[in-house]
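Let me begin by presenting the structure, written as structure tokens, before commenting on it.
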Amino acid sequence: MIDEVAPGREPLPEEPISARQPRGGARRPRRMRRARPTVRSGSLAVALAAAILIALALAFQGFARWAGEHPGWAVLLGLVAVPVLYALLRGMPHARELRRAARAGMAEAEADALAAPPVPVDEPVSPPARAQEPLPAAGTFPPGPEEPTLAAPFHDGRTAPLPEPEAPEPYAPDPEPEPEAAVLTAAELGSVDLARLDFAALDPDTFEEAVAALCRRDGCADAETVGGAGDLGADVLATAPDGRRVVIQCKRYGPDNKVGSQDLQRFGGTCWSVHGAQLAVLVTTSEFTAPAEEYAEASGIRCVDGTELTAWAEGTGPAPWGPGATLR
């Protein structure tokens, strides 16, 4: 017989008959065996728990012993540990919530990325085709560039024009070297006419010897130079004809270098108290500044500039201790 199917109902699919299934009875469901804990895993858990308990007991015992020996530190440690433990316990729920929110945000971002439509990629635009220029007709040629002429100025585009030569600088002779300072000893100065001696051309040591020679010539028989390292401002020491002790400092300066008030102040700080001067004199081949002259007048130091030194050497002017010598 052919089974008729009711209209509106689909036929049930036929299930294949298993070879082990009995024909006349229903198939029994297979039982699943539960995994039983083994003896080894249970013993390991017990041993681990016992070890943790023993460690905690030993740690607590050691802490109790240390707290008994150091009660102050134990109280301080307890005060610090209580707020830390409270903050940790208070922050654990917040940490869980933050982790859950982070996982939820990552899941939403992945879902949005999967649901987003693909981004269209612009296809490269090919350059427009260049129209081919028509070839010139037979017998005709396009006009070319004009041929260059040799008339000045001529530029071929490859070489730069040469600059015009500059006018030569006027010839200037080399400056004459300054004459070297003359070096003379005390014995040589004894045979030299001091009236004709150029004091500005002498070196500093020879200039001091020349001033000492002038002192000996005009009545200071014991005049001698004491300048050098550690002279404390005194270059020439002498005794005037009237018996006064004369202390002289020599400054061989150029015409552009004047003796300032600082030089006078340094000399005035030692000539009276250190050298016991009864007459202090500062001799120079240059000039004195106005503040230096004011300080010399206030402190009683006699100043001899280059003009007065020449007059002293020529005999037309007085010696610093002689009549006519004035303070400045």
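The values are calculated or read from the model by the stated rules, or taken from the named source; none is laboratory data. Computed from a predicted model, the values in this text were never measured in an experiment. FYI the Cβ positions are ideal-geometry reconstructions off the backbone, even for glycines, and counts take in every protein chain you see. What goes into the accessible areas is simple: the full protein's heavy atoms, side chains included, and nothing from ligands, DNA or RNA. Shrake-Rupley method; radii C 1.70, N 1.55, O 1.52, S 1.80 Å.
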- Message: Can you report the number of residues in segment 219-245 which are on the phi > 0 side of the Ramachandran plot and in contact with a Lys or Arg (Cβ under 9 Å, 6 or more places away or on another chain)?
- Response: 1
- In this structure, is residue 171 assigned to a loop (DSSP other than H, G, I, E, B) and at pLDDT 90 or above? no
- Message: Can you say whether residue 164 is modelled with pLDDT under 70, open to solvent by 90 Å² or more (accessible area, probe 1.4 Å) and not in a helix (DSSP H, G or I), as far as the supplied structure shows?
- Response: no
- Message: Out of the residues in segment 286-322 meeting the condition of being part of a helix (DSSP H, G or I), open to solvent by less than 10 Å² (accessible area, probe 1.4 Å) and free of Cβ contacts under 8 Å to residues at least 40 places away in the same chain, tell me which one is nearest to residue 247 (Cα to Cα).
- Response: 296
- Give me a count of the residues in segment 53-63 that are farther than 18 Å from residue 74 by Cβ and open to solvent by less than 90 Å² (accessible area, probe 1.4 Å). 2
- Starting from residues that are closer than 15 Å to residue 275 by Cβ and of a type in the set (Val, Ile, Thr), keep the ones in segment 184-243 and report whichever is modelled with the lowest pLDDT. 226
- Kindly provide the set of residues from segment 268-291 that are within 29 Å of residue 195 (Cβ to Cβ) and under 43 Å from the mean Cα position of the chain (by Cα), ordered by number. 289
